[in-house]
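Working notes, beginning with the structure itself.
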Amino acid sequence: MTSATLSNKKKTKLSDFRNILIWSLKKHKALGIVYVSLLVFSSPVIGLLASLSIGTLNNPVTAFTFASLSTVVTMIMTFIISVMMFDYLHNKRQADVFGSLPCTRRTLFFSRFTTGLAMIIVPYIINMLIVVLMSLGLKAGSDIFTVYIPYILQVGTLVVLSVIASYSFTAFMAVCCGTTANTVLSTLLISFAYPIAISMLSTLGSSMIPGVNLHIDEIPLISNLLSPYGSSAGGIFSLTLSMIKMDSNAVDFLGDNWQQLVAWAILIAASFVGCFFLTKKRKTEAAQNSFAFKAPSVIIRAIATAAVGLLFGLIFTFFTCLNIFSDFARNENIGQVIQNSAWTMFAIFLIAFVIAAFLTHLIAIVIFSKGFKGFAKSLISFAAVVLCVCLLYTSLAFGGFGADKYVPQADKVSSVEIATTSYSGYWFNRSIGSLFPLLMPQIPPSSFDYDSDIICTGEGSINAATELHREIISNLNNLNPTPYYINTFGEPYPFSGASTSDYSEFETIDSNPPVLKFLYHMKDGTTVERIYSEGYYFNIDIISKLDNIETLSAKENTANLISLLSEESGEITSFKIIADWYGGNDSVFNSKNLVSEMKKALLDDMKSSENSDSDSIFCKIIVRLPRKRQFR
């Protein structure tokens with residue numbers, strides 16, 4: 001009897017789930033028709049019309065519109081459908097009606113959850129298959145199976161995962177909020193305020209501590225974790241650009257975006273678990289209140305407060321910089337202006353941040369609570385946010401706990417890479433100007449094409465590299481008085497604020513590279529990166545010192561390589577030859593015979609050219625070893 005009863009209960013739950021799903025699909029049939037119509041028109045129809053106007057199916061318009069317009073339509077409808085699916089939670093009458101149904105709250109919620117996902121994903125997948133079939137009309141010579149179809153399938157996979165993440169996140173916010181309006185505002189606010197807050201923190205750290213670049217805004221696992229809609233918007237732009245430069249190397253989206261995939265997976269799991277537990281704890285009386293649970297509202301206000309406060313603090317500091325730079329041209333006592341301006345900017349940022357953060361907090365309370373209810377208690381969370389940001393800013397202004405003066409110990413360094421670039425410091429992306437591309441366009445540091453690449457692996461060259469680094473840091477006491485200012489133009493004040501010829505105590509070296517990068521590979525497997533613009537070493541003969549380091553490292557690397565090539569231990573497993581001329585092709589040798597022949601040829605060539613004055617380089621050879629070592 002017990003088994004029969006349990007079996008009937010399981011059957012009842014399944015039938016309840018199915019019945020609610022079917023009923024929900026019928027109720028939202030009109031919305032589904034609108035979505036399907038927009039989806040079909042955005043990609044297959046526009047692609048077909050373009051093909052008819054061109055006179056041939058041999059064009060990438062269909063795939064292009066699928067990656068751009070179809071994705072835009074899908075993400076907009078994802079938000080609309082997810083909000084409408086859970087609006088019953090925010091209406092007392094509907095909540096009472098649905099609560100009277102002979103099914104559990106979880107069964108009701110997740111049947112609606114599944115209905116919304118099915119309405120979005122199923123039409124999208126069918127549309128994707130139609131686009132794939134249309135792509136088969138391309139001529140065989142247009143790389144159908146190596147470029148276009150893999151591109152479409154990978155784009156479709158990313159969009160589906162993005163839909164699941166965005167939909168799950170909106171569902172979780174619907175459970176936490178008491179009204180539909182608060183669900184919409186909370187979802188959009190945290191989706192766009194969170195990446196802004198991360199970007200502001202990254203800019204704040206990178207623009208204050210000399211040489212330090214945090215890069216946290218370039219890590220999708222961090223910057224996009226709570227921003228499914230924001231990351232989807234950025235993904236649409238990226239996918240569209242990749243379609244424009246379509247080639248066989250431009251379709252590995254799943255491999256290139258693994259961090260984003262992990263972020264979505266974490267968000268989906270967290271949202272699902274949150275919905276699973278909170279749907280049972282949520283009270284029916286919470287409908288039409290501000291929030292059903294207090295914790296999410298506090299977190300949302302904290303993120304929005306920090307983002308807006310940091311943004312306006314940086315903006316006011318930016319314009320203060322412009323005003324201070326104009327003072328340099330009128331004041332002969334430059335050193336005093338520098339010192340006074342550092343403290344002025346320190347205070348201006350804090351004042352602007354506190355005022356902007358308070359106004360943001362006040363507006364959020366009024367909007368979410370429809371008045372000042374709970375305002376006094378909310379000041380506790382506001383004070384906590386202000387205190388954390390002020391402590392962070394103060395620590396950065398005074399060196400970030402020694403990060404400004406840090407140089408790795410030579411005996412703990414495995415190798416050092418020293419690189420320069422021809423881009424000027426004005427375009428260097430360590431500045432607040434990166435936030436305002438209309439005022440000052442920026443180039444990300446990762447996009448720099450470095451002119452030289454010195455790899456130091458020997459003790460002597462590593463010591464020389466660290467000595468050069470220390471010499472640059474010793475300049476900071478003269479060029480950058482503490483507290484450090486928010487660096488608007490990526491240069492110390494004496495260099496970017498006025499001509500260096502105005503300083504009789506400094507001798508300017510005009511031939512120095514605009515940007516100098518140190519990348520330390522530590523023996524414990526970690527890396528340390530420091531990037532300096534020309535203003536930090538304009539009075540040091542960097543070129544001469546780099547030449548000495550390069551000569552020393554070349555001798556050490558050559559000796560190490562000769563020793564390695566002379567060994568018969570079989571430690572070298574492969575060679576990769578990277579052509580250093582236009583149109584050259586890379587080559588990889590893995591077979592034992594070819595590796596052995598390459599070792600012998602290189603060894604003979606290196607020994608015969610030891611006394612040669614020629615320094616022409618026609619290719620770069622990377623020797624790959626089983627351990628984490630390599631020679632170039």
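The values are calculated or read from the model by the stated rules, or taken from the named source; none is laboratory data. Keep in mind it's a predicted model, so treat the numbers as computed, not measured. Here the Cβ positions follow ideal geometry from the backbone for every residue, glycine too, while neighbour counts run over all protein chains shown. All accessible areas refer to the heavy atoms of the entire protein, side chains included, with ligands and DNA or RNA removed. Shrake-Rupley method; radii C 1.70, N 1.55, O 1.52, S 1.80 Å.
In the full protein context, the range 82-138 carries 43 Å² of accessible surface per residue, based on a 1.4 Å probe and ignoring ligands, DNA and RNA. Per residue, the accessible area of the range 255-302 comes to 56 Å², computed with a 1.4 Å probe over protein heavy atoms only. Extending 7 Å from the Cα toward the beta-carbon at both Ile126 and Lys412 defines two label points whose distance is 6.2 nm. The share of accessible area on the range 86-226 that comes from carbon and sulfur is 73 percent, using a 1.4 angstrom probe.
Residues of the range 271-292 with an amide N closer than 19 Å to a point placed 7 Å from the Cα of Ala181 along the Cα-to-Cβ direction: 286-292. Along the range 184-190 the Karplus relation, 6.51 cos²θ - 1.76 cosθ + 1.60 evaluated at θ = phi - 60°, assigns HN-Hα couplings of 4, 5, 5, 5, 5, 5, 6 Hz to successive residues, with x for each Gly and Pro. Rounded to 0.05, the FRET efficiency of the Ile219 and Leu387 pair, given R0 = 22 Å and the Cβ-Cβ distance, is 0.25. Checking the table Lys280/Lys377; Lys523/Lys555; Lys27/Lys92; Lys517/Lys555; Lys555/Lys600; Lys92/Lys281 against a 24 Å threshold on Cα-Cα, which pairs fail? From the list (Lys280/Lys377; Lys523/Lys555; Lys27/Lys92; Lys517/Lys555; Lys555/Lys600; Lys92/Lys281), the Cα-Cα distance tops 24 Å for Lys280/Lys377.
Taking 0.36 nm per residue of separation and subtracting the current Cα-Cα distance, fully stretching the chain between Glu597 and Asn289 would add 103.1 nm.
The share of accessible area on the range 381-425 that comes from carbon and sulfur is 67 percent, using a 1.4 angstrom probe.
Residues whose amide H falls under 5 Å from that of Lys405, counting only those 5 or more places apart or on a different chain, are absent, with hydrogens built in the peptide plane.
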